[in-house]
Amino acid sequence: PDPDKGYVYEFTCDGHYRLYTWDGENYQALQEWRASDSILAGANQTNVMGIYMKGTNIRLYANGHKIAEFTDSTYSHGQFGLAIGSVNTHDLSIYVDQVAYWEFNP
């Protein structure tokens, strides 16, 4: 799979999330920024992000709660990675304790 293409799932520090596809040049939103009470907002918070993908079904999780579900067939396989950035928060510190994945075989 091309590492410059895929699905992107993001959280913000103020408790929002979004999901989009990225083709290497452009993004197509599956979900524009939306607030979720399941995402802990503000300073000194710990959030756990999860995504479940099987076939065309995509489920988004925040801290163990399903917050959205989509059907999309843009990408059927690939890799995953972690990206962290700051646009509006001066002196942002982020700590990643664990990155893991599970493959479920029927």
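The values are calculated or read from the model by the stated rules, or taken from the named source; none is laboratory data. A quick note: this is a predicted structure, and the numbers were derived from the prediction, not measured. Heads up, the Cβs are rebuilt from the backbone with ideal geometry, glycines too, and the neighbour counts pull from every protein chain shown. With ligands, DNA and RNA removed, areas are computed over all heavy atoms of the protein, side chains included. Shrake-Rupley method; radii C 1.70, N 1.55, O 1.52, S 1.80 Å.
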Task: Every residue from the stretch 65-86 that is open to solvent by 90 Å² or more (accessible area, probe 1.4 Å) and out of contact with any Ser or Thr (no Cβ under 9 Å at 6 or more places or on another chain) - done: His77, Gln79, Phe80, Leu82, Ala83, Ile84
TODO: Looking at (1) touching a residue at least 12 places away in the same chain (Cβ under 8 Å); (2) among the β-branched types (Val, Ile, Thr); (3) under 22 Å from Asp97 (Cβ atoms), find the lone condition where Thr46 falls short.
DONE: (1)
TODO: State whether one or more residues within the stretch 39-53 are more than 13 Å from the chain's Cα centre (by Cα), surrounded by 13 or more Cβ atoms within 10 Å (Cβ to Cβ) and at pLDDT 90 or above.
DONE: yes
TODO: Return yes or no: is Tyr17 closer than 19 Å to Val87 by Cα and in contact with a strand residue (DSSP E or B) (Cβ under 7 Å, 6 or more places away or on another chain)?
DONE: yes
- [ ] Check whether at least one residue in the stretch 25-35 is assigned to a loop (DSSP other than H, G, I, E, B) and in contact (Cβ under 8 Å) with a residue 12 or more places away in the chain, and report yes or no.
- [x] no
Task: Matching entry among Arg18, Arg59 (being surrounded by 14 or more Cβ atoms within 10 Å (Cβ to Cβ), under 12 Å from the mean Cα position of the chain (by Cα), assigned to a strand (DSSP E or B) and free of Cβ contacts under 8 Å to residues at least 12 places away in the same chain) - done: Arg59
Task: Hits in the stretch 88-106 (condition: within 14 Å of Asn44 (Cα to Cα) and among the aromatic types (Phe, Trp, Tyr)) - done: Tyr95
- [ ] Output the residues belonging to the stretch 21-35 that are within 24 Å of Asn63 (Cβ to Cβ) and open to solvent by less than 40 Å² (accessible area, probe 1.4 Å).
- [x] Ala29, Gln31
